[in-house]
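Colleague: Input: one structure, supplied below.
What follows is calculated from the coordinates using simple rules that are stated; it is not laboratory data. This structure is a prediction, so every number in the text was calculated from the model and none was measured. Because the Cβ atoms are built from the backbone with ideal geometry, glycine has one as well, and the counts that use them run over all protein chains shown.
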Amino acid sequence: MGHHFRALSDIDPFVIDQTVTVAWPGQSRPWAQDLLAAIHPALARYGGSAGILREQAPAPLDGRTGVDALVVSTDNALT
C-alpha cells in the first residue's frame, strides 16, 4: 500500500513489509528458514515476532527495496 500511496500522493511514507516470512502456498523460500534459524534467539525474546528496520536487518532482508522496516515471525503458516 505504501508504494501505491507514494505514487499517488508524492508523500514518502514509512513502509513496513509484514509478509516477508509468510509461508505462501507454492512458493519455496529456503532462505527464510535459514534467516529464522539465525535470528531465533532475538525473536524468542519478543514472543516469536519482531519488527526490524531494513537498514539494520540481516541479509537478504537488508537488500529489499521500497520498504523501511520488516516484520519477521516464527509463526508463518497460513490457516
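Colleague: Inside the stretch 68-79, can you point out the residues that are over 11 Å from Val20 (Cα atoms) and either part of a loop (DSSP other than H, G, I, E, B) or under 11 Å from the mean Cα position of the chain (by Cα) (or both)?
Modeller: Asp68, Thr74, Asp75, Leu78, Thr79
Colleague: Looking for something among the small types (Gly, Ala, Ser) and touching a Ser or Thr at 6+ places or on another chain (Cβ under 9 Å) - is there at least one such residue anywhere in the stretch 50-73?
Modeller: Among the residues of the stretch 50-73, at least one is among the small types (Gly, Ala, Ser) and touching a Ser or Thr at 6+ places or on another chain (Cβ under 9 Å), which makes the answer yes.
Colleague: OK, next. Of all residues in the stretch 5-21, how many are in contact with a Gly (Cβ under 6 Å, 6 or more places away or on another chain) and farther than 18 Å from Arg64 by Cβ?
Modeller: Result for the stretch 5-21: 0.
Colleague: Here's a check for you: in the stretch 7-32, which residue that is in a helix (DSSP H, G or I) and under 13 Å from the mean Cα position of the chain (by Cα) is surrounded by the fewest Cβ atoms within 10 Å (Cβ to Cβ)?
Modeller: Step by step, filter the stretch 7-32, then rank; the result is Trp31.
Colleague: Tell me which residues, restricted to the stretch 33-63, are outside any helix (DSSP H, G or I) and either in contact with a strand residue (DSSP E or B) (Cβ under 7 Å, 6 or more places away or on another chain) or among the hydroxyl-bearing types (Ser, Thr, Tyr) (or both).
Modeller: Residues satisfying the conditions are Tyr46, Gly48, Ser49, Ala50, Gly51, Ile52, Leu53, Ala57.
Colleague: Would you please name the residue that is surrounded by the fewest Cβ atoms within 10 Å (Cβ to Cβ), looking only at residues in the stretch 53-79 that are without any contact (Cβ under 8 Å) to a residue 40 or more places away in the chain and under 21 Å from Arg6 (Cβ atoms)?
Modeller: So, considering only residues that are without any contact (Cβ under 8 Å) to a residue 40 or more places away in the chain and under 21 Å from Arg6 (Cβ atoms), the one surrounded by the fewest Cβ atoms within 10 Å (Cβ to Cβ) is Thr65.
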